[in-house]
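All of the numbers you see were taken from the coordinates with simple rules; none came from a lab. These numbers were taken from a predicted model, which means no experiment stands behind them. Counting neighbours? That spans all protein chains shown, and the Cβs are built from the backbone with ideal geometry, glycine included.
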Amino acid sequence: MKNPGLAALTMAGALRGLTVFVIGLLLAFAVAFLVRQFMRWRGRGSSSRRILSRVLFWVLALLSLMAALTVVFPSINPVDVLGGLGVISVAAGIAFQTVLGNMFAGMVILSRDRFRVGDQVIVGENAGTITQIHLSSTIIRTFDGQLVIIPNTIMHSTQVVVQTGFERIRTCVRVALSTSADFDQAQAVAEKTMRNLDLVMNEPAPRAMFSEVGTESVTMELLFWSGSTKLESREATDTIIRTVVSALQAEGVPLATSGLENAKLIASRAFPNESAGKPNAKTEVSK
């Protein structure tokens, strides 16, 4: 007795099935291309455009294959095909739970498009620049040159700090002043110095504000805005420290010193000739 499914296979049916499959593939290509262009028009990242359009293409290609099989083998019920795929999906989900979890997390990350390739991020103890975003993992090049591969489940479930999420960030530098300093003068000197620096943005304007009082010092915070990349903020911080401290010293604003340094300063003022005694003695002996 012949198998009814095989008996239904004919050359005409095979050609019709091949035609359906080719048309489905062309339709999948067209839809994926249109989706990719639409996402580009909406300003989405290159990784999200590439991966999401590729996933859509393979889904449509699979549906085209199912439609072609039902044309080639009329005895196959599309509902049975979907049911079989459901069973296979459940089995694959159990066997590859971690892999599929990373893939679904990657699709969520790409659809939200909160961070992109080139962004500088902090994920746990890792800080660096995103070089690639795959469906299952995200690749980060740390600031010290190491390659870190982070599963997308971690990128989705933990806190991710996107340092370059905006064009500028605020940085705080603390300077310890002596309690005998003129605070109004120190504040005016610091703010004037920061406003004249190219690496510091004038909008919002940089500020110098006092935050803490100690037994021997008063803390002045230098608040300023700069570019959001790590290099820009570090360069601005370096310039701020060098120029502001030099300006404070030039204007005679005393910085805070430790107890030992303060004691040495008091001793040198009380006994100005003490440190010069030995050279003078040598001079007298030579004479």
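The figures follow:
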{"quantity": "Which of Thr193, Thr239, Thr138 has the fewest Cβ neighbours within 10 Å, and the rest in rising order", "calculated": "Thr239, Thr193, Thr138"}
{"quantity": "Distance in nm between pseudo-label sites at Ala250 and Arg174 (7 Å out along the Cβ direction from Cα)", "calculated": "2.7 nm"}
{"quantity": "Separation of the Thr257 and Leu15 label points, Cα + 7 Å toward Cβ, nm", "calculated": "10.1 nm"}
{"quantity": "Linear extension gain, Leu147 paired with Thr219, 0.36 nm per residue minus alpha-carbon span", "calculated": "22.0 nm"}
{"quantity": "Two-site FRET efficiency, Asp182 against Ser211, from Cβ-Cβ distance with R₀ of 22 Å, rounded to 0.05", "calculated": "0.80"}
{"quantity": "Cα-projected label distance for Ile241 with Arg116, points at 7 Å along beta-carbon direction, nm", "calculated": "3.3 nm"}
{"quantity": "Net +/- balance of residues flanking Leu223 in space, Cβ distance below 14 Å, scoring K and R +1, D and E -1", "calculated": "+2"}
{"quantity": "Charge dipole (debye, nearest 20) of the stretch 168-257; +1 at Cβ of Lys and Arg, -1 at Cβ of Asp and Glu", "calculated": "300 debye"}
{"quantity": "Size of charge dipole - the stretch 112-162 - debye, nearest 20, with Cβ of Lys, Arg +1 and Asp, Glu -1, no other charges", "calculated": "160 debye"}
{"quantity": "Net charge of neighbours whose Cβ lies under 14 Å from the Cβ of Leu135, counting Lys and Arg as +1 and Asp and Glu as -1", "calculated": "+3"}
